[in-house]
Amino acid sequence: MVAHLTSAKNLSVTLRVWRQPSTDEPGRFVDYAAKDLNPNMSFLEMLDVVNYGLEAKGEDPIAFAHDCREGICGTCSLVINGKPHGPHKGVATCQTYMRSFADGDVIVVEPFRAKPFPILKDLICNRSAFDAIQQAGGFITVRAGSACDANAIPVPKDGADLAMDAAQCIGCGACVAACKNASAMLFVSAKVGHLGLLPQGQAERDSRVLNMVAKMDELGFGNCTNQYECSAACPKLISQDFIARMNRDYIAASFRQAFKPKSNASSGGA
Amino acid sequence: MATLDSKIPSGPLADKWRKHKTDIKLVNPANKRKHHVVVVGAGLAGASSAASLADLGYQVTCIVFHDSPRRAHSIAAQGGINAAKNYQNDGDSVYRLFYDTIKGGDYRAREANVHRLAEVSVNIIDQCAALGVPFAREYGGLLANRSFGGAQVSRTFYARGQTGQQLLLGAYSSLSRCVGQGTVKLVTQNEMSDLVVVDGQAKGVITRDLVTGKLNRFAADAVILATGGYGNVFNLSTYARGSNVTASWRAYKRGACFANPCFTQIHPTCIPVSGDYQSKLTLMSESLRNDGRIWVPKNKADVKKAPADIAESDRDYFLERIYPSFGNLAPRDVASRAAKRMCDEGRGVGETGLGVYLDFAEAIQRYGKQAAARANLHDVSAAKVLELGEAAVAERYGNLFDIYKEITDESAYKQPMRIYPAVHYTMGGLWVDYNLMSNVPGLFVLGEANFSDHGANRLGASALMQGLADGFFVIPYTIGDYLAAQKPGSRPSADRAEFAAAEANVERLVKKLMAIKGKEPVAFYHKKLGKIMWNQCGMARTKEGLNQGIVDIQALKKDFWSNVNVPGSAENLNQALEKALRVADFIELGELMCRDALTREESCGGHFREEYQHADGECLRDDVNFAHVAAWEFQGEDKIPLRNIEPLNYETVKMSMRSYK
C-alpha cells in the first residue's frame, strides 16, 4: 500500500522549538535536527518523525495540538517562523507541507502566545476562552422539536453566502496570536456576523453582540486597532469587514439597550 | 450469554415510531431535575443529545477529550446530510430514503431503526436551519440539494464542502447555550477510561484528565456514549488522529456487546498514500462524483502516460460501464471494490499504481457552455468556455480542489485527480436496542459509536443524519423509558466500591504502561497494527488471511506490552501515554474485527470475503445463515469472546440481490 515518491529531493532542517514543561514553569528554545525529510510530508508529519526519534530514545516528545489534519477542526496551532499557521495564506499548520521550506533552513516553532491562551505544555495552549465567548451568546435559541419547516424562512442567497463566509471560522485562535493586542475581534465578529446575517438570528441579535463582546473584554482580549493581521493569518481568510459589521451592530444594540422600554410581563399564570 | 432484546415495537413499519413514542414512559419535570446524565463525546450525537436533554430539564455533564467540544470529528464531514424533504419534487419520500438506506446497507440493518431515521430526517433539516446553519440556497432563498451515491433523487442538503463543520457548529451552539445557562456542565480534556457498573447497570464513568493525569469519578443515573467510530485501528484513515475506540472498548469489557465490528467502510475517493511517514488520508467528498467521472486506461501499457495523452477511446469509465443506472454514483463499497479490481488488473495509475482518475474535464465543458448561454455569449472561444466552466466547478467544489492542490501540488482543474479507497467509517459498534440502549441497562450509545442504522455499508450523507437524529429526536424520548423506572435520588455515590475498583483498574493500566520502558515508540505498534488490518481485514478478506491476522495481532500485543516505550510522567500532559492507552485498545479491537470477519462466511456491503462472490466479483450474501447481527460479548482477558446473534427480521422489504446495474 505504501510506496515512496521518488520525484522530489529530500531535505534536512533545524527546528528551534519552544519547550515548556507546564503553565507555571519557564520555557526555552531547544534545537532539533530533522533529517532526510520527504518534501511531501506535512509539517505535523515532520514533527511526528522527530517525536518518533525522541520517543525511541526515551525522551519526552514535543507536545503539539492536532487532530483532523485536514484544516477544519481548528486544533492545530503553532507559530512558524513568526507566523501563525506558517508561511502560506489561507491554510492551517496541518496543511503546510515541507516543500515550503528549503534544505538547511532553521525553522522557529512557537505556541500561540496571548494572555487569555495560557500555555499548557510546549506548543499547546488553552483556548477555552473562545468557548466561554460562544457560551455568552454565540447561538440561536431553538429547542429540539420547536422549529418550523426549513423552507418557511427563505434566506436570500447573497446573505446566506456571506453568512457562510463568516461561519467557516474554525476557532483556532490564529487571529488572536497574530494581533499585537491579542484581540479576539475577528473571531467574535465572525459568529456575530454569521448569525446576524440570517433572518433566524434576528431575535437575539442585540443581546448576542452585547454579551459576546462583554465576555471577550472580561477574559482579557485586547482591543482592535485596525491592522488586520488577524485576517491575514486566518486559515479561512475571514474578512476584517466582519469586524466593521460587528462594530455597527454593537453601537446600534447599545443604543437600543439604553432606550429599551421595559415590559411588565411576568411568567406566572393560572 | 447476553440477552439481546431489540425491543422493536409491533405494528406496521410506518407506525412503529409514532406508536412507540406514545407508549414510552415519561419522566415528570420535577423528577427530570433529579436525574443526572453523563454524555461522553460532543460530536453531532453528543452535543445534540446533551443540549436536548438539558433543555428537557435533566442535569447533564458532557465530557470530551478535546480542548473544546467544537473539535469533534463530525466537523470534517464534507458533502452533506440526507433528508426526505422532497423539495426537488423528484419522487423522494420517507419510504424511499428508508429503502435506499436498507438496500445500501446490504440488508444487514434493522428495518425499524432505519425507518425511524428516515422519518426524523425532515425534522433535522428544520432544526438545523432554525439554528442558523448556513445551508446552500437557491436564488429564491429556498434550500438547495445535490445527489449522493446510492440514490437516484437529490436529497442531500449541504453547506459548501463543509457540511459537517456547519452542522457540528450548530449542535455546538446549542450545547454552548446550555453551558452558558448552567444546564450542562462541560468537562474538557478528559478521556473516558472506564465505565462504572453498579448492580448490573451503568452508573458512571472514570475519566483521566489529559492535562494533569488525575483520575476523576462521575456518578450518573444514565451514561450516554457518543464517542464516534474506530477506523483508526487501521492507523491510516480519514479519521482525526485523536479518534479512538477506548470509551467503547471499556464499555465492552464491562459487558456491553460489540456488534458487527468487521463492518468497515472504505471510501472510494481519497487522496492516495504517498509515503511511509504519512499520518492520515484525506477524503475527497463523494459530492465530487456528481460531476467527476472515474476512469482508468483500458490498456496496461498506458498507465504511466500523462492522462491528457490517453485518447478518449482508450479510457475505461468503469463505473459507468459496469453500473450503467447508477454510474459514478454507485455506493461506496461497490465503487471502492471496482477501483481495487481495476488496480489489481494492473490498470491503476500514479507512481504506486494504486490510484484511479477522477476527471472533471467534461463537467468543466458542460458548465462552461451553460454559463456562456446564460450570459448570452455567442461564438465564445474555447478558452472562455474553459474559464467559465472552471469558475462554475470552483463554486461547487472549490475548497476540495484547494485541499487537493495543497496535498498533491497538482491542479485538478488542469488534470484529473488521482484517488484511491481509504478507511472512512465504521458501521459496527456497540449493540443497542430500539431505544439506543446497550445490553448494559443505563448505557446508551449514539451516532457512529453504535451499530444500528447502516447495516454493512453506509450511504453518503447519512452519518450526519444519524448523529443528529439520535441526539435531537430519538434519545430525548427513549432515555425516559429507562429513567422513569429509576427512583429519583437513587443514584449511587461516587464513593462506592465499584467506582474505587474502576479507578484502580485505570491506575493499574497507566502504571503498567509507564513501567515497560521498552525500545519502540507507540507509533511503531500503531503502524504495524494498521498494516496487518489493511492487508488481512481490509477491502478483501480471506479465511487464511484473517487467521494469519489474528496470530499476527496476538504477537503484536505481546510485543507491545513488553517492548513499548512511553516516556515522561503520568502526572501531567503526556501525549505518548494518551496514544499508548488508545493503541492498546485498538490492538485488542483489531483481533475482534478479524474474528468477526472470519465467522461471517458471506460477503455483504463493506465486508468482502473473496471466497463468497458472484462470477462478476459482486458480493455473495448468505441470507439463510447470516441475516443477523453478530454481537460479541467479552469473556475475560485473552479468552475468545462469545458470539451472540440477533436475527434480522424483515417485515416490509424483501431481501434481494443488491444491484446498481
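The values are calculated or read from the model by the stated rules, or taken from the named source; none is laboratory data. Worth saying up front: this structure is predicted, and the values here are computed from it rather than measured. Note: ideal-geometry Cβ built from the backbone for every residue, glycine included; neighbour counts use all protein chains shown. Protein only, heavy atoms only, side chains kept; ligands, DNA and RNA dropped before computing areas. Shrake-Rupley method; radii C 1.70, N 1.55, O 1.52, S 1.80 Å.
Worth pointing out:
- Evaluation of B:Asp623 against the conditions (1) more than 30 Å from B:Ala515 (Cβ to Cβ); (2) acidic (Asp, Glu); (3) without any contact (Cβ under 8 Å) to a residue 60 or more places away in the chain shows that the sole unmet condition is (3).
- All positions within the stretch B:323-346 that are among the hydroxyl-bearing types (Ser, Thr, Tyr) and either in contact with a Phe, Trp or Tyr (Cβ under 6 Å, 6 or more places away or on another chain) or surrounded by fewer than 21 Cβ atoms within 10 Å (Cβ to Cβ) (or both): B:Tyr323, B:Ser325
- Counting only residues that are part of a helix (DSSP H, G or I) and in contact with a helix residue (DSSP H, G or I) (Cβ under 7 Å, 6 or more places away or on another chain), the stretch B:333-357 holds 3 of them.
- Test: residue in the stretch B:466-480 that is open to solvent by 40 Å² or more (accessible area, probe 1.4 Å) and either modelled with pLDDT of 95 or more or closer than 18 Å to B:Ala219 by Cα (or both): yes
- Of all the criteria given as (1) buried (at least 22 other Cβ atoms within 10 Å of the Cβ); (2) within 23 Å of the chain's Cα centre (by Cα); (3) within 7 Å of chain B (Cβ to nearest Cβ); (4) in contact (Cβ under 8 Å) with a residue 60 or more places away in the chain, the one not satisfied by A:Ser77 is (3).
- Of the helices (runs of 4 or more DSSP H) that lie entirely inside the stretch B:1-113, those containing 3 or more residues that are away from chain A (no Cβ under 12 Å) and of a type in the set (A, V, I, L, M, F, W, C) span B:94-104.
- Scan of the stretch B:533-547 for residues that are open to solvent by less than 30 Å² (accessible area, probe 1.4 Å), part of a helix (DSSP H, G or I) and within 13 Å of chain A (Cβ to nearest Cβ), ordered by number: B:Met533
- If only residues of the stretch B:238-268 that are polar (S, T, N, Q) and within 14 Å of another protein chain (Cβ to nearest Cβ) are counted, the one that is surrounded by the fewest Cβ atoms within 10 Å (Cβ to Cβ) is B:Ser243.
- Residues (open to solvent by 40 Å² or more (accessible area, probe 1.4 Å) and in a helix (DSSP H, G or I)) located in the stretch B:482-499: B:Ala497, B:Glu498
- Lone qualifier among B:Leu529, B:Leu509 - being touching a residue at least 12 places away in the same chain (Cβ under 8 Å), more than 30 Å from B:Ser603 (Cβ to Cβ) and not polar (S, T, N, Q): B:Leu509
- Once the stretch B:159-210 is narrowed to residues that are at pLDDT 95 or above and in a loop (DSSP other than H, G, I, E, B), the residue that is nearest to the other protein chains (Cβ to nearest Cβ) is B:Thr188.
- In the set (1) open to solvent by 40 Å² or more (accessible area, probe 1.4 Å); (2) within 20 Å of A:Gly90 (Cα to Cα); (3) more than 10 Å from chain B (Cβ to nearest Cβ), A:His66 fails one condition alone, (3).
- Screening the stretch B:395-407 for residues that are touching a strand residue (DSSP E or B) at 6+ places or on another chain (Cβ under 9 Å) and open to solvent by 30 Å² or more (accessible area, probe 1.4 Å) and picking the one that is nearest to the other protein chains (Cβ to nearest Cβ) gives B:Glu406.
- Selection of helices (runs of 4 or more DSSP H) fully inside the stretch A:157-207 by the criterion of at least 2 residues being away from chain B (no Cβ under 13 Å) returns A:174-178, A:185-196.
- The one condition in (1) within 14 Å of A:Met164 (Cα to Cα); (2) assigned to a loop (DSSP other than H, G, I, E, B); (3) in contact with a strand residue (DSSP E or B) (Cβ under 7 Å, 6 or more places away or on another chain) that B:Ser154 fails to fulfil: (1)
- Just one of the numbered conditions (1) open to solvent by 30 Å² or more (accessible area, probe 1.4 Å); (2) in contact (Cβ under 8 Å) with a residue 12 or more places away in the chain; (3) assigned to a loop (DSSP other than H, G, I, E, B); (4) more than 7 Å from chain B (Cβ to nearest Cβ) is not true of A:Thr141: (4).
- Which listed residue, of B:Gly518, B:Gly590, B:Gly606, is open to solvent by less than 20 Å² (accessible area, probe 1.4 Å), closer than 30 Å to B:Tyr660 by Cβ and of a type outside the set (A, V, I, L, M, F, W, C): B:Gly606
- Number of residues in the stretch A:83-137 that are farther than 23 Å from B:Asn399 by Cβ, assigned to a loop (DSSP other than H, G, I, E, B) and not polar (S, T, N, Q) equals 16.
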